[in-house]
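The values are calculated or read from the model by the stated rules, or taken from the named source; none is laboratory data. Keep in mind that this is a model prediction, so the values were computed, not measured. All Cβ positions, glycine included, derive from the backbone under ideal geometry; neighbour counts span all protein chains shown. Accessible surface is based on the protein model in full, side chains and every heavy atom, while ligands, DNA and RNA are left aside. Shrake-Rupley method; radii C 1.70, N 1.55, O 1.52, S 1.80 Å.
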Amino acid sequence: MSKPGLLLIGGATDVMLARMEAEFTLHKMNDINDFDAWAAENGASIEAVATNGHDGVPADVMTGCPNLKVASAYGVGYDAIDTDACVERGIKVSHTPNVLNAEVANTTLLLMLACFRNFLSDERHARSGDWEREGNAPLSRSPDNRTIGILGMGRIGQEIAERLQVFNPAILYHTRSKKDLPYEYCETLVGMAERSDVLICITPGGPSTNKIVDKQVLEALGPEGVLINVSRGSVVDEAALIEALQSGKLGMAGLDVFEKEPHIPNALKDMENVVLLPHVGSATHETRAAMGKLTVDNLLQWKKDGTVLTPVPECAHL
Ligand code: A2R
């Protein structure tokens, strides 16, 4: 019996490739020069796509592969995938929730600590010899006893709140609907920012969160405030963020995500009151292996009985 066709968009580890190749006839987008010519010959054989939160499922893949039935995305965020178009075509979309909660929460705490404790400039001070030449590094600020506002209180937001407990924080959160959680719900994002020392962004991307952290929210956070973004670059108005940091209306920012990745504006790179990471929230060997496993598990489950283990909510009814 011939194996169903699987189109791989983006990269995959050797372990993932071996498991996919055992059950599917694998085609790699990276090896295809002329997609239209390739699709005319092979498109009809493709029933499954393995992709990621950055590349999604491009429109030409959906039209070029008319028998596509499942799209398994590596990562929890799937804002690059047009789920309405997938539902319309009956394509089941899966993602990799939960297995990265702990790692993204760790990254969030590290970014927050790096901002409060000035560890990056302290490290430069030690390494450069400035300590011997110029004396002690300047004092930093304590992360303890802060009011921390969390924008988005889902799987990852709750893990962040739990891991923050060692710093004895007061935790506030803002989402569209109040949750049954032991933290204080804030009706408005601006209202939460006004009361917070730190604002942590951990919502999905997409139209409903596009630039919701705007000039008004950043100024409400204030000159001593710290913005941490581990969600999507689109959630924060990057131009307003740069302006607020440059003018001192916002204190600091710790950023793992950007509007046009992998591009980071020079204005952000030039500022001392910013800590920059290259979208590494979940990027450890252990967590990426777990995400890769779940990505393939979803494909194998679909092959076995037509379901997926972790569908995105929009496709859960399919
Ligand atoms: O709004 P609600 O009640 O649906 O709560 C969700 C919240 N959220 C929003 N909050 C404010 N304004 C919005 N427009 C909005 N849209 C969604 O974000 C919920 O509390 C949270 C998302 O939680 P989960 O769906 O459990 O996602 P998870 O696994 O925590 O990952 C969040 C995102 C991913 O989509 C990636 O972009 C990133 O973290 O790695």
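Quick check on the stretch 12-38: of everything there that is touching a residue at least 40 places away in the same chain (Cβ under 8 Å) and in a loop (DSSP other than H, G, I, E, B), which residue is most open to solvent (accessible area, probe 1.4 Å)? Break it down into steps so the answer makes sense when it comes.
Let us first name the residues in the stretch 12-38 that are touching a residue at least 40 places away in the same chain (Cβ under 8 Å), namely 12-13, 15-16, 19-20, 23-24.
Keeping just the survivors that are in a loop (DSSP other than H, G, I, E, B) gives 12-13, 24.
On the way: Ala12: 32, Thr13: 71, Phe24: 3 Å².
Going through the qualifying residues, I end up with Thr13.
Lys69 - would you say it is among the basic types (Lys, Arg), touching a residue at least 24 places away in the same chain (Cβ under 8 Å) and either within 16 Å of the ligand (Cβ to nearest atom) or under 22 Å from Asn298 (Cβ atoms) (or both)? Even if it seems obvious, please write down each step before you answer.
Numbers: among the basic types (Lys, Arg): yes; touching a residue at least 24 places away in the same chain (Cβ under 8 Å): yes; either within 16 Å of the ligand (Cβ to nearest atom) or under 22 Å from Asn298 (Cβ atoms) (or both): yes.
Yes, satisfied.
Restricting attention to the stretch 210-218, does a residue exist that is farther than 20 Å from Thr108 by Cβ, within 10 Å of the ligand (Cβ to nearest atom) and surrounded by fewer than 23 Cβ atoms within 10 Å (Cβ to Cβ)?
Taking the stretch 210-218 first, the residues farther than 20 Å from Thr108 by Cβ are 210-211, 214-216.
Pick out the ones that are also within 10 Å of the ligand (Cβ to nearest atom) and you get 210.
Now restrict to residues that are surrounded by fewer than 23 Cβ atoms within 10 Å (Cβ to Cβ): 210.
Yes.
For beta carbons closer than 6 Å, sequence separation of 6+ or different chains, a first residue in the stretch 257-286 that is open to solvent by less than 100 Å² (accessible area, probe 1.4 Å) and a second that is among the small types (Gly, Ala, Ser) and outside any loop (DSSP other than H, G, I, E, B), the qualifying pairs are Val257/Gly233; Phe258/Gly233; Glu259/Gly233; Val274/Ala253; Val275/Ala114; Val275/Gly254.
Across the stretch 302-318, which residue is nearest to the ligand (Cβ to nearest atom) among those that are assigned to a helix (DSSP H, G or I) and surrounded by 19 or more Cβ atoms within 10 Å (Cβ to Cβ)?
Restricting attention to the stretch 302-318, the residues satisfying the condition of being assigned to a helix (DSSP H, G or I) are 302-305, 313-315.
Pick out the ones that are also surrounded by 19 or more Cβ atoms within 10 Å (Cβ to Cβ) and you get 302, 315.
On the way: Trp302: 21, Cys315: 14 Å.
Once the filter is applied, the top-ranked residue is Cys315.
Taking the stretch 39-83 as the range and being in a helix (DSSP H, G or I) and buried (at least 17 other Cβ atoms within 10 Å of the Cβ) as the test, the residues that pass are Ala39, Gly43, Val61, Met62, Gly64, Thr83. Evaluated against (1) in a helix (DSSP H, G or I); (2) open to solvent by 10 Å² or more (accessible area, probe 1.4 Å), Cys86 falls short on exactly one condition, (2).
A quick yes/no check of all residues on (1) open to solvent by 10 Å² or more (accessible area, probe 1.4 Å); (2) farther than 16 Å from Met112 by Cβ; (3) hydroxyl-bearing (Ser, Thr, Tyr):
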{"residue": "Pro169", "(1), (2), (3)": "yes, no, no"}
{"residue": "Thr188", "(1), (2), (3)": "yes, yes, yes"}
{"residue": "Met192", "(1), (2), (3)": "no, yes, no"}
{"residue": "Pro207", "(1), (2), (3)": "yes, yes, no"}
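Summed over the stretch 171-186, the residues that are open to solvent by less than 40 Å² (accessible area, probe 1.4 Å), more than 10 Å from the ligand (Cβ to nearest atom) and under 24 Å from Asn98 (Cα atoms) give a count of 2.
For residues that are in contact with a Lys or Arg (Cβ under 8 Å, 6 or more places away or on another chain) and part of a loop (DSSP other than H, G, I, E, B), scanning just the stretch 219-238, find the one that is nearest to the ligand (Cβ to nearest atom). Even if it seems obvious, please write down each step before you answer.
If we filter the stretch 219-238 for residues that are in contact with a Lys or Arg (Cβ under 8 Å, 6 or more places away or on another chain), which is where we start, we get 219, 222-223, 233-237.
This time we only want the ones that are part of a loop (DSSP other than H, G, I, E, B), so: 222-223, 237.
Numbers: Gly222: 21, Pro223: 25, Asp237: 15 Å.
Checked the stretch 219-238; the qualifying residue nearest to the ligand (Cβ to nearest atom) is Asp237.
Of all residues in the stretch 239-256, count the ones that are crowded, with 22+ Cβ neighbours inside 10 Å and in a helix (DSSP H, G or I). Even if it seems obvious, please write down each step before you answer.
From the stretch 239-256, those crowded, with 22+ Cβ neighbours inside 10 Å are 241, 244, 250, 252-256; that's our starting set.
Next, from what is left, pick out any that are in a helix (DSSP H, G or I): 241, 244.
Residues meeting the conditions: 2.
Looking at Ile160, Ile156, Ile200 in this structure, which one is closer than 19 Å to Val104 by Cα and either away from the ligand (no atom under 16 Å from the Cβ) or open to solvent by 10 Å² or more (accessible area, probe 1.4 Å) (or both)? Even if it seems obvious, please write down each step before you answer.
Values: Ile160 fails: either away from the ligand (no atom under 16 Å from the Cβ) or open to solvent by 10 Å² or more (accessible area, probe 1.4 Å) (or both); Ile200 fails: either away from the ligand (no atom under 16 Å from the Cβ) or open to solvent by 10 Å² or more (accessible area, probe 1.4 Å) (or both).
Selected residue: Ile156, the only one of Ile160, Ile156, Ile200 that is closer than 19 Å to Val104 by Cα and either away from the ligand (no atom under 16 Å from the Cβ) or open to solvent by 10 Å² or more (accessible area, probe 1.4 Å) (or both).
When you scan the stretch 283-301, do you find a residue that is within 16 Å of the ligand (Cβ to nearest atom), over 30 Å from Pro4 (Cα atoms) and within 21 Å of the chain's Cα centre (by Cα), even just one? Yes, some residue in the stretch 283-301 is within 16 Å of the ligand (Cβ to nearest atom), over 30 Å from Pro4 (Cα atoms) and within 21 Å of the chain's Cα centre (by Cα).
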